[in-house]
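Right, one structure below, let's go through it.
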Amino acid sequence: MPVDIRDHPQAPPAEELQGFTLIPVSREEIASRQADGETLAEADLTAERDDVYVELDPDPTDRGTHDDIGTALYRLVQLFGTPNVPGFDAGGDLSDREHTTFKYLFRLVNDADEGDRTLPDEWLVTAFDKKARLGVGLADWDGEVDPEHVDGAVGLVSLALVTNVVSEPIETSVEDNWY
């Protein structure tokens, strides 16, 4: 079920909510920045906050409901390909991981008219698994993520957009059904 944030007190104007594009950052760009010594700073929007979480169905075996972390990963892979952050490769050595087995880095681009815009032109968002739940974060290269973005409209829009992407069924190519 999609998340509707239009009535949330921190939501930007409704007109601005129509102008977002979620673009995966190329694996090559990420690897190049890391090779140049840059590090990706992240602020987990769901960390240590009981009031902020991505609600997925906790029982993936219940027929007819497909909102578990595996289905979220399936939808991300179908829409954007395999996870683009190096170090989270399928079949790779993940023995040093703590709780995350996949991670995507996206550029969230704001295409709303510049005159009435309350949000930045673009920012970085991560989607990852966190102890079998979906985590969403804000990211920045070699810096600290602005705390106002985490607690304000940027964080709210980021969380809602990623939640809506993973919770909406997509059409499968094998059996011509929605999953």
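The values are calculated or read from the model by the stated rules, or taken from the named source; none is laboratory data. Remember, predicted model here, so these are calculated numbers, not experimental data. When we count neighbours, we look across all protein chains shown, and the Cβ atoms used for this are built from the backbone with ideal geometry, even at glycine. Surface accessibility is based on the protein's heavy atoms, side chains included, excluding ligands, DNA and RNA. Shrake-Rupley method; radii C 1.70, N 1.55, O 1.52, S 1.80 Å.
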Of all residues in segment 43-63, count the ones that are under 23 Å from Phe88 (Cα atoms), modelled with pLDDT of 50 or more and open to solvent by 80 Å² or more (accessible area, probe 1.4 Å). 0
Could you list, in sequence order, all residues of segment 137-170 that are under 13 Å from Trp123 (Cβ atoms), not in a loop (DSSP other than H, G, I, E, B) and not small (Gly, Ala, Ser)? Leu138, Asp140, Trp141, Glu148, His149, Val150, Val154, Leu156, Val157, Leu159, Leu161, Val162
Residues of segment 107-120 being open to solvent by 20 Å² or more (accessible area, probe 1.4 Å) and over 19 Å from Ser26 (Cβ atoms), in sequence order, are Asp111, Asp113, Glu114, Gly115, Asp116, Arg117, Thr118, Pro120
What are the residues in segment 102-130 that are closer than 20 Å to Val165 by Cα and at pLDDT below 80, if any? Ala112
Taking only pairs six or more apart or across chains, which ones have beta-carbon atoms under 9 Å, a first residue in segment 137-153 that is under 19 Å from Val25 (Cβ atoms), and a second residue that is of a type in the set (Lys, Arg) and part of a helix (DSSP H, G or I)? Trp141/Arg33; Asp142/Arg33
